[in-house]
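Below you'll find the structure, written out as structure tokens, and then a few comments.
Every number here is computed from the coordinates shown, using simple stated rules; none is lab data. As the structure is a computational prediction, the values presented were derived from the model and not from experiment. Reconstructed Cβ throughout: ideal geometry from the backbone, glycine too, with neighbour counts over all protein chains shown.
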Amino acid sequence: MRALALTLTFLLSPILTTYANPDEARIQNETSWPQQISYDIPIRLLQMPAPFTLEFNPEVGRQITDYLRQGRRETEKMLARTALYFPIFEHYLQKYQLPDELKYVPLLESRLRPAAESAAGAVGLWQFMPATAEHYRLHIDEYVDERMNPYQATEAAVIMLSSLYDELGDWSLVLAAYNCGPGRVRSAIRRTGCHNFWDIQYLLPRQTQRYLPALIATIYVARNYGRHGLQPNSKKPLYQPFQVFKVQHSLDLNDIARHCKVSRRLLSRLNPGFLQDFIPSSARGRYLILPKEVLANFQQYIIKESRRSRESYAIAVLDSSPPQSGSNWLNVSESKTDI
């Protein structure tokens, strides 16, 4: 046992002193090492695959402690939401050939709450600010906020991350730029001549210094929660199988809820981007998410609306099941399916 303890001390000693730098400008430790962290956590963490260099330091330890101890109940709720949103993230990351590990970013940004809003005004799973959302063609007005739409916001975020990587060429820098903006990261690179987050972090805002450690902790917990006695809290009906539609005509959400026998509250939770009681018309189409079990009822509702308005309602029905090997999951065809 003494030999094992010495081995672990040797392995962890460079990790525990990561921030002990003689350069006074660098960030120093403010608190002692979290007592709740067991020695197997850093070893397991450093063996995780990641597109950027992993470090285990006191900030990472504190973040893991928050997930596993203080925020245990919220962590289990967040883990349950992965069943609904991870397939969407994985689809777009695969489509644009980006690392799968980026799907953990929204856990940190919003805890997978599509209607989350920060004090600074960032909204949605990926926490887009209004100007950035507009740049990536996410529409915001009094009727719709596409930052809250998991499909449109995810594709916009993935395009943004891809663009940042084309410029910066390092995923740790990309994630820092996603948090504080590329301008500050460029400035830090110019001042230091370094192209790695860990080497420039002391020139970045305090929140950004903590961002990558927090993401590392998030990835660790999402991959190892079962080892720590956590389980996704999936008791709510939000996490049942669902069907996605792309609609162009204006539809009344209260009518949809009534005809489909779905609670208005559940409909709002699945579609928080619709800010009023109706879906505005859109030539580009808007995504509507419904429980899969109400598909037949929704078809009948569309037929009724089409007859009432004497218009042909063209609805694209999207495959929303988890992707299987060789499948074309979420292959959105521009051709429309008449219901």
Going from the fewest other Cβ atoms within 10 Å to the most, one would list Val144, Val123 as Val144, Val123
Lys and Arg at +1, Asp and Glu at -1: add these up for the other residues within a Cβ distance under 13 Å of Phe128 and post the number.
-4
Amide H partners (placed H, <5 Å) of Leu275, local residues excluded
Val144, Asp145
Under a straight-distance cross-link criterion of Cα-Cα below 17 Å, which aspartates and glutamates are reachable from Lys77, leaving out those fewer than 8 residues away in the same chain?
Asp66, Glu109
Grab every C-alpha pair in the stretch 48-196, bin the distances at 10 angstrom width from 0 up to the longest one, and report whole percents.
10, 37, 39, 14, 1
Taking Glu305, Glu117, Glu142, Glu59 and counting other beta carbon atoms within 10 angstrom, the fewest-first order is Glu142, Glu117, Glu305, Glu59
How big is the shadow of the Cα convex hull of the stretch 187-281, averaged over all directions, in nm²?
11.1
How large is log10 of I(q)/I(0) for the stretch 228-316 at q = 0.11, 0.23 Å⁻¹ when the intensity is taken from the Debye formula with one equal scatterer per alpha-carbon?
-0.33, -1.24
Footprinting proxy, Val317, Val60: sorted fewest to most Cβ within 10 Å, the residues are Val317, Val60
Computed FRET efficiency, Cβ-Cβ of Arg227 and Gln70, R0 25 Å: what is it to the nearest 0.05?
0.85
What would the Debye equation give as log₁₀ I(q)/I(0) for the stretch 151-209 at q = 0.16, 0.27 Å⁻¹, counting only Cα atoms as equal point scatterers?
-0.45, -1.07
